[in-house]
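S.K.: Dropping a structure here in C-alpha cells format, bear with me for questions.
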Amino acid sequence: MGSRFSNEVIEATSEAISLIKRQYKTIEIELVGYSGGAAVAALVAAARSDVTRVITVAGNLNHSYWTQLHRVTPLGDSQNPVDYAKQLEATPQLHFVGGRDSTVPKSVVESYVEVFPDSTIHTIQVIRENGHNCCWEGVSAQF
C-alpha cells in the first residue's frame, strides 16, 4: 500500500463501497468518516457521483495545514481533500469538531471549508466538550 491517503487507498475504499451498494441494492450513499477516515470519505466522495452527503467527525480534511500546524513531516504521496474542492462543492457536508480537540482543531476543518463558495451546504458544528478521542458516540443522533 502507498501513503495514508494514496490513490490505492481511495480506490480500494471506493471498490468496497461499490460492492456493498450492489449487495444492498442502494443507489445513493452518505459517507461518514472519523479523523483520517474523514479525509478518505471526502476523497472517495470527490471521485464518485452517487454520494449525497459527507459527514466527518474530528476530520483531518487538510493534511498540509495539519502537518504545518503540528510541525510534523508532510504526508507524502497522499491526496488532500482541500485540493478537491471543485469536485466536492455541490456535495452537502457536515463537519463535527471537538472544542477540546488539539489533534485536529477547528482551524484544520475551517481551512478546508473556507475554500467552498457556498458555505450553507458545508457546515461546521462544534461539540464544545469533546476532544479528539472522547465522547463522539452521541453525535450520530445528529446526522
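All of the numbers you see were taken from the coordinates with simple rules; none came from a lab. Because the structure is a prediction, the values reported are computed rather than measured. Heads up, the Cβs are rebuilt from the backbone with ideal geometry, glycines too, and the neighbour counts pull from every protein chain shown.
S.K.: How about the stretch 117-136: which of its residues are farther than 27 Å from residue 84 by Cα and exposed (fewer than 13 other Cβ atoms within 10 Å of the Cβ)?
M.R.: Within the stretch 117-136, 128, 129, 134, 135 qualify.
S.K.: On to the next question. Take the residues in the stretch 22-33 that are β-branched (Val, Ile, Thr) and over 14 Å from the mean Cα position of the chain (by Cα); name whichever of them is surrounded by the fewest Cβ atoms within 10 Å (Cβ to Cβ).
M.R.: 27
S.K.: Then there is this: Give the residues of the stretch 22-39 that are in contact (Cβ under 8 Å) with a residue 12 or more places away in the chain and of a type in the set (Phe, Trp, Tyr), sorted by residue number.
M.R.: Hit for the stretch 22-39 is 34, nothing else.
S.K.: For the stretch 22-57, how many residues are in a helix (DSSP H, G or I) and more than 22 Å from residue 135 (Cα to Cα)?
M.R.: Of the residues in that region, 8 qualify.
S.K.: Pick from 58, 45: which is within 22 Å of residue 103 (Cβ to Cβ) and either among the aliphatic types (A, V, I, L, M) or touching a Phe, Trp or Tyr at 6+ places or on another chain (Cβ under 7 Å) (or both)?
M.R.: Within the list 58, 45, the selection yields 58.
S.K.: Kindly provide the set of residues from the stretch 1-21 that are in contact (Cβ under 8 Å) with a residue 12 or more places away in the chain, part of a loop (DSSP other than H, G, I, E, B) and either of a type in the set (S, T, N, Q) or surrounded by fewer than 16 Cβ atoms within 10 Å (Cβ to Cβ) (or both), ordered by number.
M.R.: Correct list: 2, 3, 6.
S.K.: If you don't mind, another one. Does the stretch 86-143 hold any residues that are touching a helix residue (DSSP H, G or I) at 6+ places or on another chain (Cβ under 9 Å), closer than 23 Å to residue 29 by Cβ and part of a loop (DSSP other than H, G, I, E, B), and which are they?
M.R.: Scanning the stretch 86-143 gives 91, 116.
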